[in-house]
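To keep things clear, I will list the structure first and then write my remarks on it.
Nothing in this text is a laboratory measurement; each read-out follows from the coordinates by a stated rule. Given the structure is predicted, the values throughout are model-derived calculations rather than measurements. Every residue, glycine as well, gets a Cβ built from its backbone with ideal geometry; the counts of neighbours run over all protein chains shown.
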Amino acid sequence: MLSFLKKTANDRPQDRFIDVGDRSLPLKIRPHARAKRITLRIDPGGRGLSLTIPRKLPEHEINEFLEKYHGWILTKLAKFPKDDELIEGGYIKIRGQDHLIERTGKIRGITETVQLDGEFILRVSGDVPHLKRRISDFLKSEARKDLEKSTHYHAEKIGRSFKSISLRDTKSRWGSCSSDGSLSYSWRIIMAPPFVLDYLAAHEVSHLVEMNHEPQFWQLCENLCPHTQDAKKWLKKNGSLLHAINFN
């Protein structure tokens, strides 16, 4: 059953929390003048639900809709890992490969990856409360190295330069390119296989030539990155999983 939790004083109108299985998730409800039916979207990483509804839709119809799709929501949320899986003995993907999280037991020291007996291990120093932060700092550092290398490579191939590279933790897009040549990437892409990261760099570099998504843009992108289509499919299928991990 879906159970509704009380709204807080700071909530926007119609926003609330709901219990879905063993998860308590924020639910955003947005009336829209042109909406003809209710549409449901699971937020990136499975961190919330969003409903777009026709204006003046009765409350009971919203509740009936959520009850009807309760099983579907549970099935979709099941693919997202729980936050508490990012612990010692758990796993984190780095460049598409599962790494066992292992604390070194030392207060100070570097975070590093090693391979022992065929298993990939991420060794993390520091106290337990700092584990997530140390892992995210390591991923950001690795992401910057890989993205800078791939971005320079593709930019040189087309004879273009860029102004800067920045890393962010965006939910709505994996990368962006501004008109002045500033490139921005989501550092979470380092958890994806290398060919996906390479595609992302090629995609944003292509915008240095074509600030659109017209056929000529995609042709340039595929010339730079032959595995463009495979990478797009991978992100569509698995991208939300990268957002599911809570590093806070």
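What to note about this one:
- Order of Arg30, Arg123, Arg41 under a 10 Å beta carbon neighbour criterion, fewest first: Arg41, Arg30, Arg123
- Modelled spin-label separation between Ile87 and Lys140, with each label point placed 7 Å from Cα along the Cα-to-Cβ direction: 2.5 nm.
- Residues of the stretch 54-68 with amide N under 18 Å of the 7 Å Cα→Cβ point at Leu40: 54, 57-68
- Taking label points 7 Å from Cα along the Cα-to-Cβ direction, Glu210 and Asp98 give a separation of 3.9 nm.
- Quotient of the Cα radius of gyration of the chain and 2.2 N^0.38 Å, N being its number of residues: 1.18.
- Pair Lys157, Arg55: separation of 7 Å Cα→Cβ label points (nm): 4.9 nm
- Distance from the alpha carbon centroid of the stretch 133-198 to that of the stretch 118-132 works out to 24 angstrom.
- Arranged from fewest to most other beta-carbon atoms within 10 Å of their beta carbon, Trp218, Trp174 become Trp218, Trp174.
- Thr75-Ile107 FRET efficiency (beta carbon distance; Förster radius 41 Å; 0.05 resolution): 0.45
- Mean separation of Cα contacts under 8 Å (6+ apart) over length of the chain, as relative contact order %: 16 percent
- Within the chain, percent of DSSP bridges classed antiparallel, to nearest 5: 60 percent
- Ranked by how many other Cβ atoms sit within 10 Å of their own Cβ, fewest first, the residues Thr151, Thr75 fall in the order Thr75, Thr151.
- Cβ-based charge dipole, the chain, positive-most Cα from Pro54, Val124, Cys177: Pro54
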